[in-house]
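Read the structure below first, then the notes.
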Amino acid sequence: MKKLVVFASGSGSNFQAIIDAVRQKKLNVEIAGLITNRDGIGAIERAIKNRIPVNVINETDEQLFKRKLADQLKKWQPDLIVLAGFLKKIPAEIVNDFPNKIINIHPALLPKFGGKGFYGLRVHEAVINSGEKTSGCTVHYVNNEYDRGQILEQKEVPVYSTDSPESLAKRVLKAEHELLPSVIKKLFTQTN
Ligand code: GAR
C-alpha cells in the first residue's frame, strides 16, 4: 500500500479530512505518520486519537531540523508527503530528495495571494481587501519557492460582500477538505 506522511502546524482539520477519507475507504493509503514543528497543536491530538505515529521536530537550528526531518522520512519512506497547514519552509535538500512527491494545500487561488507571509487569515484578509469575487484553494507541488510549484488542482468558492476573513476562511476550508483527499487519490491512481 502507498504511504503518506502528513506535515501540519495547526488544528489539523485537513489532516482529519485525509484520516476520514482513509477510514471511509475512499482513499486506499497508509498514513505512516505526522510530522509537526509545534507541540500542543490539534493535529497531534488527531494523530494520537487515530493511532498515527507523531514526530515533533521543533529545532530552531536549521541543520538539526533538516537532519531530524531527513532521518524520520528515511524511516517512514513515504510515497507522498502532504503539507496540510505546515507553516515552515521545507529545506531545499528535502525538496530535492522528493521530486514531485511533496504537495501543499494553500487557501487561495494561486498564483494570486501566495508567497512568504501569506498564510491563514492573512490570505483571506488580502482577498477581501482586493475586492475579489471568487476565492478557493489550490493543491500544488512544492518546489524551493513559496507557493510556486506546479498547480495540480483548484476548487473555487464565492466571496460575498458581507464576508469577514473568518467567514471566508470557513468556506475555503470546507473546499480544502474535499479537494485534498481527492487530489491525493488522483495522484496515486496515476502512479499505480
Ligand atoms: C489551511 O487553511 C491551509 O490551507 C493553510 O493553513 C490552514 C490549516 O488548517 N495553509 C497555508 O496557509 C499555507 N500557506 P488546518 O490545520 O485546519 O488543516
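For the reader, a short list of remarks on this structure follows.
- Criterion (more than 21 Å from residue 144 (Cα to Cα) and modelled with pLDDT of 95 or more) met by exactly one of 23, 67: 23
- Near pairs, Cβ below 7 angstrom, 6+ apart or cross-chain, from region 176-192 (at pLDDT below 95) to any residue that is crowded, with 17+ Cβ neighbours inside 10 Å: 188/29
- Of all the residues in region 21-30, those that are free of Cβ contacts under 8 Å to residues at least 60 places away in the same chain and in contact with a Lys or Arg (Cβ under 9 Å, 6 or more places away or on another chain) number 1.
- Only a single item in (1) surrounded by 14 or more Cβ atoms within 10 Å (Cβ to Cβ); (2) part of a loop (DSSP other than H, G, I, E, B) is not met by residue 171, and it is number (2).
- Any hit, region 9-26, residues being surrounded by 17 or more Cβ atoms within 10 Å (Cβ to Cβ) and away from the ligand (no atom under 16 Å from the Cβ): no
- Residue 86 meets the conditions (1) under 22 Å from residue 42 (Cα atoms); (2) in contact with a helix residue (DSSP H, G or I) (Cβ under 9 Å, 6 or more places away or on another chain) in every case but one. The failed one is (2).
- Within this structure, residue 31 fails the test of being part of a helix (DSSP H, G or I), in contact with a strand residue (DSSP E or B) (Cβ under 9 Å, 6 or more places away or on another chain) and among the hydrophobic types (A, V, I, L, M, F, W, C).
The values are calculated or read from the model by the stated rules, or taken from the named source; none is laboratory data. What you are looking at is a predicted structure, and each value in this text was computed from that prediction instead of being measured. Because the Cβ atoms are built from the backbone with ideal geometry, glycine has one as well, and the counts that use them run over all protein chains shown.
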